[in-house]
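Working notes for the structure below.
The values are calculated or read from the model by the stated rules, or taken from the named source; none is laboratory data. Values in this document were obtained by computation on a predicted structure and should not be read as measured data. Glycine gets a Cβ as well: all are built from the backbone with ideal geometry, and neighbour counts include every protein chain shown. Please note that ligands, DNA and RNA were not included when accessible areas were found on the heavy atoms of the full protein model with its side chains. Shrake-Rupley method; radii C 1.70, N 1.55, O 1.52, S 1.80 Å.
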There are 4 protein chains.
Amino acid sequence: MHVEAIELNPARNVTLTAYLQPTDGEFRRVVRRPAVLVLPGGGYTMCSDREADPVALAYLKAGFQAFVLRYSVGEHAVWPNPLDDYEQAMALIRLQAEIWGVYPDKIAVVGFSAGGHLAGVAATSAHERPNAAVLGYAALGGCGTPANTGAPAVTPAIDDLTPPCFVFASVSDTLVPVQNSIEFIGALANAGISFESHLYAFAPHGFSTAEPALEDSAGMCSRVPRWVDDSVAWLADVFGAFEDGGLGEPRCPRWSTADAAPTLSLDCTIGRVMSVPAARESLRSVPQLARLMEAAPTGAGADAGLAARVSLRTILRYAGVPSDEVERIGRELAEIELGH
Amino acid sequence: MHVEAIELNPARNVTLTAYLQPTDGEFRRVVRRPAVLVLPGGGYTMCSDREADPVALAYLKAGFQAFVLRYSVGEHAVWPNPLDDYEQAMALIRLQAEIWGVYPDKIAVVGFSAGGHLAGVAATSAHERPNAAVLGYAALGGCGTPANTGAPAVTPAIDDLTPPCFVFASVSDTLVPVQNSIEFIGALANAGISFESHLYAFAPHGFSTAEPALEDSAGMCSRVPRWVDDSVAWLADVFGAFEDGGLGEPRCPRWSTADAAPTLSLDCTIGRVMSVPAARESLRSVPQLARLMEAAPTGAGADAGLAARVSLRTILRYAGVPSDEVERIGRELAEIELGH
Amino acid sequence: MHVEAIELNPARNVTLTAYLQPTDGEFRRVVRRPAVLVLPGGGYTMCSDREADPVALAYLKAGFQAFVLRYSVGEHAVWPNPLDDYEQAMALIRLQAEIWGVYPDKIAVVGFSAGGHLAGVAATSAHERPNAAVLGYAALGGCGTPANTGAPAVTPAIDDLTPPCFVFASVSDTLVPVQNSIEFIGALANAGISFESHLYAFAPHGFSTAEPALEDSAGMCSRVPRWVDDSVAWLADVFGAFEDGGLGEPRCPRWSTADAAPTLSLDCTIGRVMSVPAARESLRSVPQLARLMEAAPTGAGADAGLAARVSLRTILRYAGVPSDEVERIGRELAEIELGH
Amino acid sequence: MHVEAIELNPARNVTLTAYLQPTDGEFRRVVRRPAVLVLPGGGYTMCSDREADPVALAYLKAGFQAFVLRYSVGEHAVWPNPLDDYEQAMALIRLQAEIWGVYPDKIAVVGFSAGGHLAGVAATSAHERPNAAVLGYAALGGCGTPANTGAPAVTPAIDDLTPPCFVFASVSDTLVPVQNSIEFIGALANAGISFESHLYAFAPHGFSTAEPALEDSAGMCSRVPRWVDDSVAWLADVFGAFEDGGLGEPRCPRWSTADAAPTLSLDCTIGRVMSVPAARESLRSVPQLARLMEAAPTGAGADAGLAARVSLRTILRYAGVPSDEVERIGRELAEIELGH
């Protein structure tokens, strides 16, 4: 493994440390590697060592490349300095992707506490969006400390470019209340962004990987350390898992449900499809659906009964529509513009 | 193991099945057993076998007594019939607690989907409250199907008697959207009720224990089956774990934080204590705190800085207040009436 | 779940308790179920409750049917009474397989301590062999207590009909030394029987499932309770896992290596194949192998270099032999009689 | 994390790579760190990258310092060159222990295949013994390849200085048969050395950490990757776990049983104690034991009944011997010289 320490902004003490593992050769399943960009916490007054290398090591072990960004803190934390640091780091990693053996479109940001705030801003507002975000006891409702005047709240900024998120926290956290995480996942759910969330009954703020070297297990519930392996497994679902010849297909959909996606598809529920006038119009041309459409709900406010939740693909198959016709309908639906 | 099938209400086909393990004798660590009351799902039109015995078996394996309630469904589901069934079942278990080897104050309700709705109503509104609730892909926002007219929403009903909850669901659930769970845990957090929550990236509705005998692992993410062991570990945190001579002390606090509890304590933050006028008054008698109090924030709206988040116990220790005096203060605070 | 208590031999207090789960219906993946026959320990003076139902429950949870045999103990333990009890129980389960929803060729015996001795005898010497054996801190070197005169040692009895075994024990066991398990797996390895083994650094004898309700975790290492889930996963490898429509193909081979199997196959090493004269003769007809065979080792005592460990299938593919010719060779090899 | 690459022997291409994490400061539980010295496999013809850094990373994540030794291979592999390399590396680590933040008496060697052979030699024959050994699919029966003439077998060399061992392998391994591991743990058991062992039903040789980046999970059973976390947990049992202020007391005893230890103690069985004439003599002075001793077995060949397996401490307590007298007896026993 090769370590590179890169000064991103000497005037603000911003550094990027790259932990780089080899590809190819004996690592026949590794063409390139997915990566994590770790953003330690520390209330924008410091970058905690506890949430830096120990986190990088967890993902390195799983085969990732890992980067630790020590962003602007203390007097340098004036917004948008930390975000600028992030943009610079992510742009550099993508620029160097080939040399560093990184998939440029499989880079997750992993942030904790204030670093989780920064990771959340990156996921919702940055120019260089991460491809997934792991947010630990993150200050997502905003983190407007004296050190960081002007930092925006994350939750209201969720948009269609926000990548899938993995959100974990302790319910008993007194420093960053768990509501920060709950409101954020609520907004993700409403926006249809895919996510996973683990909120543990009790643990102190700042448990990092919860390894015994870092944190006393007596003070936290036994599930806490699982977030590490769970986030690794989730990233394999989102990015694709290592296979011979490279990463496989992602198992985790980009959107929480097909109905939540920004375009219609055959996997949408019949209720969703029927709520879009242009889609209703398009389906009129399918004779087998005639009777169905008369009975179907006619709008967003319609009865959300079980029938309306069956996917269009299932309905078409059930109605005996030939498969090439089904595919044609799928293509037609995908082109309908939605005012999301 | 002994199985008893009890007809609770023959007219409505309501039955309680009791799976009872022995106590004492060779089971020297088992004076009595904690218990689960399982409420299967099925949209109030049926009680699913998939969410009945397989769930009971998971907790039996962990040393619990287990009960499965087949409550009023179909034409009998008119509200409040299902809730009445629950009340009758829970009252019977507590009445029989000694004979059945159950701790009457360590009984969790475990409900799925519509059964999760019923479990949620039990946790928030029943006369016979459970001591903990495990809620799986539960219809907590309400479940007003034709079969179940008048069933109330669960989330708005959360009160101070609501026990700790373990909430799990799939983010990709199209039948009972994950918002049901998110809004519920948001309300728990605001009410200060302790909880744990696991929301998995993708799985179909109705995965039950997610054992391979029940559900194809190809369709769900690898973390899903963990809810079973995690809920068992969480119940040991809430009820106390098996020890020689009986259950030990619970590790999981009743309230998410000391500040959330309905009475003040030494573990409250100084900010919380100071926001209560009677508590401020009481602390005036402690000379070592004089200087501190001048500097301290004066109300609920005060600066929620780091200092205000330190616990009173820590402050008193730091200020050199003798330990018997500290205990006296604790008792005094506990008696202050709070308009919660 | 249905429980049946069957008196197998009232004069000797021998009973079989059947825990039976439903098949089909809502359990669409369950045509029939694999089963376990549990043999509790107790030094042939008793059948311990700690190693009876709690063990059955672990496998029931995983979708198995479970049977507990309380065999002849105390004054009735005179050999071969306990073995006769086993034969009677296993024969009955197979006779009732259809009614009880059991795959008659997917029944594992699970025995502990003295019950592990009995399970070991069943696996190596019984008429009604189990299809797999799980042996916990088992007295495999023999268990000739006064209560059980004449009971044979298990290890010397291993034969070609012995099924795959899962062997676990504690290294610090002072009652049944771990050598019992080590000598047994050594003999399995030499016989080529597939097995899995977990020997934990420290735990007292008789930990059963090691659930906290049964055993204090303070006295044993953290890995101990894993044998339960590991044995369930191993049985799915040996019997096939639940799939839609029934159990899938086994992943775990019957023999530890192809060389250990009682017939030759394409997966045998070239060294193994060449050590059998009839096989050498058969391969002479393959022109592409001519040069290879001149260089190849000529007998069991030959140099066991890396080359000799390559499989015949690989060699044939490398030599460019067409695939139907490869299959023909495979069939020919399978018919060669080996004096095993 | 700091990486140092040290040339140990340029003429033979021997290098030691040190991965060093900080101590103290924010790592308040970390005074120093336990360490692993990783010995990759490769048949003494190479040092496999697959068994180098990925292994180091697993232990680094758990809070260890990690060292990778690339020892003499190929033409340089002539025995005892590789062992000399090991001795040099281990001596250097112990010399630098303070500077490198390592506990000099808590260093495990972790070896695979041929590197497992070297690790085994280190554990049984080196001057600089490791404090624990993790041996993966190790060639413990000897590894006399052309590249490594004269390398000794490991198993016959086990002695009283051999540290606790963690032994794992695949039962279906065709390159290094599982008998290598079984014979080794059998000899450890006979010598009374504490160990833990996991032999997995099927996996190819050389699976390393079995991370998906390294090995296809389709070819191996699901338990295989667990050796990593299990070995970390076992090392915490052997070395002591991280606690505030340093490592705690080891939970895993040095010897598999008290009877196996090279000195007598109160935890020995009464049978073991009575088999030593000097100990019998010593106990004669305890009046409460008089009657007991008349009944007790008199030698190594005596009946190994249950009574003889009770610990002396239990007997003395039961006989009402005062605790200071018990301690005196313990001290007296510890001084008896045993011809082990």
Some residue of the stretch A:262-273 being of a type in the set (A, V, I, L, M) and closer than 30 Å to A:PRO104 by Cβ: yes
Flag for B:ILE158 being at negative phi, open to solvent by 10 Å² or more (accessible area, probe 1.4 Å), modelled with pLDDT of 95 or more and away from chain C (no Cβ under 14 Å): yes
Selection within the stretch C:184-242 - at pLDDT 95 or above, within 28 Å of B:ARG29 (Cβ to Cβ) and among the charged types (D, E, K, R): C:GLU211, C:ARG223, C:ARG226, C:ASP229, C:ASP230
Selection from the stretch A:210-228 of residues that are within 11 Å of chain D (Cβ to nearest Cβ), within 16 Å of A:VAL110 (Cβ to Cβ) and in contact with a Lys or Arg (Cβ under 9 Å, 6 or more places away or on another chain): A:GLU211, A:LEU214, A:VAL228
Unmet requirement for A:ARG50, which otherwise passes all of (1) within 11 Å of chain D (Cβ to nearest Cβ); (2) without any contact (Cβ under 8 Å) to a residue 24 or more places away in the chain: (2)
Flag for D:ALA126 being buried (at least 24 other Cβ atoms within 10 Å of the Cβ), modelled with pLDDT of 95 or more and away from chain C (no Cβ under 12 Å): no
Where B:ASP237 falls short, out of the listed (1) outside any helix (DSSP H, G or I); (2) surrounded by 20 or more Cβ atoms within 10 Å (Cβ to Cβ): (1)
Any pair with Cβ under 6 angstrom, 6 or more apart, that starts in the stretch C:60-83 at a residue that is within 16 Å of C:SER48 (Cα to Cα) and without any contact (Cβ under 8 Å) to a residue 60 or more places away in the chain and ends at one that is among the hydroxyl-bearing types (Ser, Thr, Tyr) and outside any loop (DSSP other than H, G, I, E, B): C:VAL68/C:THR17; C:ARG70/C:THR15
A:ARG280 modelled with pLDDT under 90, open to solvent by 10 Å² or more (accessible area, probe 1.4 Å), within 11 Å of another protein chain (Cβ to nearest Cβ) and over 30 Å from D:LEU214 (Cβ atoms): no
Positions within the stretch A:74-88 being of a type outside the set (D, E, K, R) and under 21 Å from A:PHE166 (Cα atoms), in sequence order: A:LEU83, A:TYR86
Residues located in the stretch A:163-208, provided they are of a type in the set (Ser, Thr, Tyr) and open to solvent by 10 Å² or more (accessible area, probe 1.4 Å): A:SER172, A:THR174
Inter-residue pairs, beta-carbon under 7 Å, first at negative phi and in the stretch C:242-271, second of a type in the set (Phe, Trp, Tyr) and in a loop (DSSP other than H, G, I, E, B), 6+ apart: C:CYS252/D:PHE202; C:PRO253/D:PHE202
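Tell me the helices (runs of 4 or more DSSP H) entirely within the stretch C:25-106 that contain at least 1 residues that are open to solvent by less than 10 Å² (accessible area, probe 1.4 Å) and touching a Gly at 6+ places or on another chain (Cβ under 6 Å).
none
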Residue check, A:LEU264 surrounded by 17 or more Cβ atoms within 10 Å (Cβ to Cβ), at pLDDT 85 or above and away from chain D (no Cβ under 14 Å): yes
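How many of the residues making up the stretch D:69-88 are of a type in the set (A, V, I, L, M, F, W, C) and under 18 Å from the mean Cα position of the chain (by Cα)?
Residues meeting the conditions: 1.
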Checking C:ALA308 against (1) modelled with pLDDT of 75 or more; (2) under 17 Å from C:THR257 (Cβ atoms), the condition it does not meet: (1)
Filtered residues of the stretch A:229-241 (kept if out of contact with any strand residue (DSSP E or B) (no Cβ under 8 Å at 6 or more places or on another chain) and either away from chain D (no Cβ under 11 Å) or touching a residue at least 40 places away in the same chain (Cβ under 8 Å) (or both)): A:VAL232, A:ASP237
Residue in the stretch D:113-121 that is touching a Leu at 6+ places or on another chain (Cβ under 9 Å), part of a strand (DSSP E or B) and open to solvent by 10 Å² or more (accessible area, probe 1.4 Å) present: no
Only one of D:PHE166, D:PHE184, D:PHE207 that is in a strand (DSSP E or B) and aromatic (Phe, Trp, Tyr): D:PHE166
Candidates B:PRO40, B:PRO34 - the one that is more than 9 Å from every other protein chain (Cβ to nearest Cβ) and farther than 22 Å from B:ALA236 by Cα: B:PRO40
Residue identified as at pLDDT below 65 and either of a type in the set (S, T, N, Q) or exposed (fewer than 13 other Cβ atoms within 10 Å of the Cβ) (or both) among A:ALA302, A:ALA290, A:ALA295: A:ALA295
Residue, nearest to A:LEU57 (Cα to Cα), within the stretch D:12-24, restricted to residues that are in a strand (DSSP E or B) and more than 10 Å from chain A (Cβ to nearest Cβ): D:LEU20
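Return the total of residues in the stretch D:123-136 being in a helix (DSSP H, G or I) and without any contact (Cβ under 8 Å) to a residue 40 or more places away in the chain.
1
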Top-ranked residue of the stretch C:320-338 - restricted to ones that are acidic (Asp, Glu) and more than 27 Å from the chain's Cα centre (by Cα), ranked as surrounded by the most Cβ atoms within 10 Å (Cβ to Cβ): C:GLU332
Residue list for the stretch B:249-261, filter: surrounded by fewer than 17 Cβ atoms within 10 Å (Cβ to Cβ) and out of contact with any helix residue (DSSP H, G or I) (no Cβ under 9 Å at 6 or more places or on another chain): B:GLU249
Count of the stretch B:240-267 residues which are within 30 Å of B:GLU281 (Cα to Cα) and not in a loop (DSSP other than H, G, I, E, B): 4
Residue in the stretch A:137-153 that is open to solvent by 10 Å² or more (accessible area, probe 1.4 Å), modelled with pLDDT of 95 or more and either more than 18 Å from A:ILE185 (Cβ to Cβ) or not in a loop (DSSP other than H, G, I, E, B) (or both) present: no
